[in-house]
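Visitor: The structure under discussion is supplied below as structure tokens; questions concerning it will follow.
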Amino acid sequence: MLSFAPLSSWLRQLGVSSAGRYRSASSMSRRAGRSVRPMLESLETRVTPSSGMVAKLTTSQLAIDYRAQSEIVVEDVSAQLEGIENPGKRVTAILGEINHLQEEIGQLRDHLSLDPQSLTPKQLRDLDKQLSGEMDNIVHDIQHVIRDLARGGDVSVPVPNTTTSLSLRAALGDVYFAMKSLATTHNLSKLPSADIVFAGEAGLPGVLSH
């Protein structure tokens, strides 16, 4: 329900008194336009946020490509490591971390499949916070695996249908760059395209080639 006290105060600021004094209609219109428009714009921004993690991850083609390619690289790396015969304890432990990372990225994708138009403003703000937290966790976990590989030695990942392999540490480094950029960069326009970022993983199935 509207409060009349603020309205009365607002009218007095426009020069209207309870005794019936008035300003010209054109003057009131100009002043009211200056006073009300910023208030409405501020309210609209709060109710329908034009920015945030949901908007960034779903409306930017670069963000969509970064997420998709990151997920593909992690999935392909996991599949190749699972196919290694007698992988040993170290590779098995690394594979467990990769699989956990794969689950996190998959969960992020599922949450981004929600239609923002079907959410209330509060639900949208909550989803923004949740996605920000998930992105931070993914970045942290990628960094953790990279540090493990730096301490204990890199792992070679076989490239399908070839006799070559790629560095797991380098592949995760590219995924880290992509996800870290999405988590912390507000202006994505200056970032390199996904095919450039993941050029080193172009031999994996589904990865964009430059």
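Visitor: Would you confirm whether any residue within the stretch 159-173 is surrounded by 18 or more Cβ atoms within 10 Å (Cβ to Cβ) and in contact with a Pro (Cβ under 9 Å, 6 or more places away or on another chain)?
Guide: Yes: the stretch 159-173 contains one or more residues that are surrounded by 18 or more Cβ atoms within 10 Å (Cβ to Cβ) and in contact with a Pro (Cβ under 9 Å, 6 or more places away or on another chain).
Visitor: I'd like the full set of residues that are touching a helix residue (DSSP H, G or I) at 6+ places or on another chain (Cβ under 8 Å) and modelled with pLDDT of 95 or more, limited to the stretch 184-194.
Guide: Selection gives LEU191, SER193, ALA194.
Visitor: For the stretch 100-131, which positions are buried (at least 16 other Cβ atoms within 10 Å of the Cβ), among the hydrophobic types (A, V, I, L, M, F, W, C) and under 30 Å from VAL145 (Cα atoms)?
Guide: If the condition is that a residue be buried (at least 16 other Cβ atoms within 10 Å of the Cβ), among the hydrophobic types (A, V, I, L, M, F, W, C) and under 30 Å from VAL145 (Cα atoms), then LEU101, ILE105, LEU108, LEU112, LEU127, LEU131 are the ones that fit.
Visitor: Okay, moving on. On the given criteria, is VAL145 surrounded by 18 or more Cβ atoms within 10 Å (Cβ to Cβ), assigned to a helix (DSSP H, G or I) and not hydroxyl-bearing (Ser, Thr, Tyr)?
Guide: yes
Visitor: If I filter the stretch 54-93 down to residues being within 26 Å of THR163 (Cβ to Cβ) and in contact with a Phe, Trp or Tyr (Cβ under 9 Å, 6 or more places away or on another chain), which single residue comes out as surrounded by the most Cβ atoms within 10 Å (Cβ to Cβ)?
Guide: VAL73
Visitor: Residues of the stretch 69-113 being within 17 Å of the chain's Cα centre (by Cα) and either on the phi > 0 side of the Ramachandran plot or without any contact (Cβ under 8 Å) to a residue 12 or more places away in the chain (or both), which ones?
Guide: GLU103, ASP110, SER113
Visitor: Take the residues in the stretch 194-210 that are more than 18 Å from SER78 (Cα to Cα) and buried (at least 19 other Cβ atoms within 10 Å of the Cβ); name whichever of them is nearest to the chain's Cα centre (by Cα).
Guide: ALA194
Visitor: Taking the stretch 173-193 as the region of interest, how many residues are more than 15 Å from the chain's Cα centre (by Cα) and in contact (Cβ under 8 Å) with a residue 40 or more places away in the chain?
Guide: Total meeting the criteria: 2.
The values are calculated or read from the model by the stated rules, or taken from the named source; none is laboratory data. Fair warning: this is a prediction, and the values are worked out from it, not measured in the lab. No Cβ is skipped: glycine too gets one built from the backbone with ideal geometry, and neighbour counts run over all protein chains shown.
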